[in-house]
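All remarks here apply to the structure that follows.
The values are calculated or read from the model by the stated rules, or taken from the named source; none is laboratory data. Quick caveat: nothing in here was measured; it's all calculated off a predicted structure. Don't worry about glycine lacking a Cβ; one is built from the backbone with ideal geometry, like all the others, and counts go over all protein chains shown. Remember, those area values only see protein heavy atoms, side chains included, never the ligands or the DNA or RNA. Shrake-Rupley method; radii C 1.70, N 1.55, O 1.52, S 1.80 Å.
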Amino acid sequence: MGVPALARLTADRGRAVLSETEDADQVIEACTGALRPHSLAVRQGGAQLATTLTHVPLQDASVNLLRYGAEVTVSSGDGVLDDYLLTLPVAGAGVFRYGGAEVLATPGRGVIIGPHREFEFAFDAEWDQVIVRLDRARVESVAAALTGEVGPVHFDVALAESVISLDGLLESAVSLVDSATVEHRPQLLWQLEQVIIETLLLAQPNNRTSADPERARPVSPRLRQAMDFMLDRLGDPVTVTAVAGASGMSVRSLQAGFRRELGTTPVQWLRSQRLERAHALLAGGAPGLSVTDVAYSCGFFHLGEFGTAFRSRYGVTPSAVLAERR
């Protein structure tokens, strides 16, 4: 495992969006579509771009392999930002400026930036990178489930050493794309994304999970068992008694554990996961999908209640999210 292995797997499993492309406007358009709006400038006079971009879409995330082939500067554009970009260098060096922070990135020293501040990256000609794009709403929703509080997430720009554990999780996610396993259990990709985001939130210093050490620590094995039991049954009626029994706890111990370790209740946590799953399905905009289908598949059997809860969480209606992706 490791970033080089992840890069090779991404190249093998992904879709080639750009291949040795020299046209800067074409590069900007493609990278904006796969990643985020930005501007691009070649730093060497007379140098030519030779940009390759390979894209692997997951659900609320994507894994991308990007090499410019020249010394370039990438900076903030005019569009709205709605993502977090986790950059894992493969070769070369790059200076990342995000807000007031400046970090040198090289193989083994990655970075993460959010959607909240202006950015500028300066890359040498050998720069090659895996970029993981994470949906802003999903990251903030997972943070809310972990801490019981809502709001933006601000990560430290330089990646902590413990975040290296994400390499294996990302390899697993890329390997599952278009597999027979996911065809039969499409929720697996969503669940794996959940683990990736939770791992990032707990391993990488940030303003949300790092503020309270009690909440930032990994959950206990029995609580994780309870969470996995509920995640496997998002579309089914689930009782607290059944969850407690499946995890070897009493109802009282289960509820106390959720409050102590996650700052919420099992019912609230399950509702949050169902809403996240519903948002992911609607944002995917699969052909023939309806709001009713999504509600039922995520365990909401009262459409009015689903619409109210969804709008309260995301600020838009389920139908509006579905319409945006069609």
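Quick one: P218 ticks every box in (1) within 20 Å of the chain's Cα centre (by Cα); (2) at pLDDT below 85; (3) open to solvent by less than 50 Å² (accessible area, probe 1.4 Å) bar one, so which box is it?
(3)
Of all residues in segment 42-84, count the ones that are open to solvent by 60 Å² or more (accessible area, probe 1.4 Å), at pLDDT below 90 and not basic (K, R).
7
Could you figure out which of (1) touching a residue at least 40 places away in the same chain (Cβ under 8 Å); (2) open to solvent by 60 Å² or more (accessible area, probe 1.4 Å); (3) touching an Asp or Glu at 6+ places or on another chain (Cβ under 9 Å); (4) not aromatic (F, W, Y) isn't true of P4?
P4 satisfies every listed condition except (3).
Looking only at segment 283-298, which residues are crowded, with 21+ Cβ neighbours inside 10 Å and either modelled with pLDDT under 85 or not in a helix (DSSP H, G or I) (or both)?
Passing the criteria: only C298.
Being loosely packed, with under 13 Cβ neighbours inside 10 Å and small (G, A, S) is the filter here; which residues of segment 12-41 pass it?
A16, S19, G33, A41
Considering segment 143-164 alone, what residues qualify as being open to solvent by less than 60 Å² (accessible area, probe 1.4 Å) and hydrophobic (A, V, I, L, M, F, W, C)?
Within segment 143-164, A143, A144, A145, L146, V153, F155, V157, A158, L159, A160, V163 qualify.
Quick one: T264 ticks every box in (1) of a type in the set (V, I, T); (2) open to solvent by 30 Å² or more (accessible area, probe 1.4 Å); (3) outside any helix (DSSP H, G or I) except a single one, so which number is it?
In the conditions (1) of a type in the set (V, I, T); (2) open to solvent by 30 Å² or more (accessible area, probe 1.4 Å); (3) outside any helix (DSSP H, G or I), T264 misses (2) alone.
Give segment 91-125 a look and list any residue that's of a type in the set (D, E, K, R), outside any strand (DSSP E or B) and loosely packed, with under 15 Cβ neighbours inside 10 Å, or say none. Full working, then the answer.
Going residue by residue through segment 91-125, those that are of a type in the set (D, E, K, R) are 97, 102, 109, 117-118, 120, 124.
Imposing the further condition that a residue be outside any strand (DSSP E or B) reduces the set to 117-118, 124.
The answer is E118, and nothing else.
Can you work out which of the residues in segment 169-191 that are open to solvent by less than 30 Å² (accessible area, probe 1.4 Å) and in a helix (DSSP H, G or I) is farthest from G284 (Cα to Cα)?
L170
Name every residue in segment 68-90 that is of a type in the set (F, W, Y) and either without any contact (Cβ under 8 Å) to a residue 12 or more places away in the chain or in a strand (DSSP E or B) (or both), in order of residue number. Reasoning before the result, please.
At the first step, the residues of segment 68-90 found to be of a type in the set (F, W, Y) are 68, 84.
Y84 - this is the single residue of segment 68-90 that is of a type in the set (F, W, Y) and either without any contact (Cβ under 8 Å) to a residue 12 or more places away in the chain or in a strand (DSSP E or B) (or both).
With the requirement that a residue be more than 20 Å from the chain's Cα centre (by Cα) and assigned to a loop (DSSP other than H, G, I, E, B), what does segment 2-46 give you?
Listed by number, the residues that qualify are E22, D23, R43, Q44, G45, G46.
Filter segment 194-206 down to the residues that are surrounded by 19 or more Cβ atoms within 10 Å (Cβ to Cβ) and at pLDDT 90 or above, then identify the one that is nearest to A93 (Cα to Cα).
Q204
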